[in-house]
1. With the requirement that a residue be in contact with an Asp or Glu (Cβ under 7 Å, 6 or more places away or on another chain) and buried (at least 21 other Cβ atoms within 10 Å of the Cβ), what does the stretch 97-116 give you?
2. Only one residue in L244, L284, L315 is aliphatic (A, V, I, L, M), farther than 22 Å from A194 by Cβ, surrounded by fewer than 21 Cβ atoms within 10 Å (Cβ to Cβ) and touching a residue at least 24 places away in the same chain (Cβ under 8 Å), so which one is that?
3. Only one of these is over 18 Å from the mean Cα position of the chain (by Cα) and in a helix (DSSP H, G or I): I321, I302, I268, I311. Name it.
4. Inside the stretch 5-64, can you point out the residues that are in a loop (DSSP other than H, G, I, E, B), among the aromatic types (F, W, Y) and in contact with a strand residue (DSSP E or B) (Cβ under 7 Å, 6 or more places away or on another chain)?
5. Being within 16 Å of the ligand (Cβ to nearest atom), surrounded by 20 or more Cβ atoms within 10 Å (Cβ to Cβ), assigned to a loop (DSSP other than H, G, I, E, B) and polar (S, T, N, Q) is the requirement here; does S93 meet it?
6. Could you list, in sequence order, the residues of the stretch 191-205 that are under 14 Å from A71 (Cα atoms) and either more than 16 Å from the ligand (Cβ to nearest atom) or surrounded by 17 or more Cβ atoms within 10 Å (Cβ to Cβ) (or both)?
7. Test H20 against the criterion of being within 16 Å of the ligand (Cβ to nearest atom) and in contact (Cβ under 8 Å) with a residue 24 or more places away in the chain, and give yes or no.
8. Provide a single number: the residues in the stretch 136-190 that are within 16 Å of the ligand (Cβ to nearest atom), assigned to a loop (DSSP other than H, G, I, E, B) and not polar (S, T, N, Q).
Amino acid sequence: MKQVFFTPGPSQLYPTIAHHIADALREDIGSLSHRSEKFQDIFKEAVEGVRKLLAIPEEYSIVFVASGTEAMERIVENTVEKKSFHFVHGSFSERWYETAIELQKDAQMVEVDFGKGFEDIPEIPKDTELICFTQNETSSGVAINPEFIYNVKNKNPHALIAVDIVSSAPFVDLDYTKLDCVFFSVQKLFGLPAGLGVMILSPKALEKAQFLQKKGISIGTYHNFPTLVEWAKKNQTLETPNVLYLYLLGKVAADMNKKGIQHIRKDIEKNAKRVYDFFDNQPLYQPFVTSKKDRSQTVIVITLGDKTDEIKKKLQEQGLIVGGGYGPRKKEQIRIANFPSVEGEIERLLNAFAAM
Ligand SMILES: *Cc1c(COP(=O)(O)O)cnc(C)c1O
């Protein structure tokens, strides 16, 4: 039976992936030198595809790391000498805060209950160098409205702004000119196998890293911002990179550009509305996030209580794989990834629920 993965990472592969992998093998991508011209074309195609899809300004750099988690660490390392500030509303935002602590920064945070969003803008210390947002908190299903992020930026113009869009890119529509470090990894909405992270860096973020480096502060080695950007200008990477995934990212970005980002965004919104309406209008199982303005469009968390395991099993028998609740909520919630790869399958999932 054909299985469909509604899991929020790794997720259902993008429908064209098998075809692109077959092409990659035929084109000997796995044996290609990362100093060759052909590699530079692959690198360029990935960068230009992502730039077009997300409407990233030309002066912003697009660079590659191993994962979203690596991006969290690199951003703190490269932009913070002393003080960072974190909006914590779940496990991924907390991980970022803890990363800063582990890097021995003076990290401060504001925290809301799991499943809730941020209401008011807190006072942020004036000497804060970096403010971190997890725009779509995959653990709780809460999304932050970009306007909230811009308002925080306006009140704290001296700080750099970093945003995790791992489980919302390319759905979330951001004004990059207001942001400094934005990142995602490819195994969520892009529908690639896991193992590649993408960072988008403003000129100001790069300058800050250079400033810290000159000051004698460690900003890491081969994946520090200046080194990443310097090599990216040559359409290369210092290390031998994951050439296959760069190739696949370029191809999937091209597929998405062909489909049109507005079309992709509309489909996701339409399906999110369907899922939330369905669960809001039946008595047994409720969306975990009660405030509509805080609800993620791409990761939908439903509380099923002690029926969780039984329902997951029934769905699985029909080839429908949903994600478990995050961490301690594994036994009481499911998470539904409303990603482009499962766009045509949401109906089937809701029908399976309706028949239960
Ligand atoms: C999955 C996820 C991450 C971690 O990404 P990796 O590529 O697995 O390191 C970080 N932030 C959010 C919001 C995520 O959903």
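Rule-based calculations on the coordinates, nothing more; no lab input. From a predicted model like this one, the values you see are computed outputs, not experimental measurements. Glycine also receives a Cβ, built like all others from the backbone with ideal geometry; neighbour counts cover every protein chain displayed.
1. T99
2. After applying the criteria, what remains is L315.
3. So the residue among I321, I302, I268, I311 that is over 18 Å from the mean Cα position of the chain (by Cα) and in a helix (DSSP H, G or I) is I311.
4. Correct list: Y60 only.
5. No, not satisfied.
6. L196, G197, V198, M199, I200, L201, A205
7. So H20 does not fit the description; no.
8. The number of residues fulfilling the criteria is 14.
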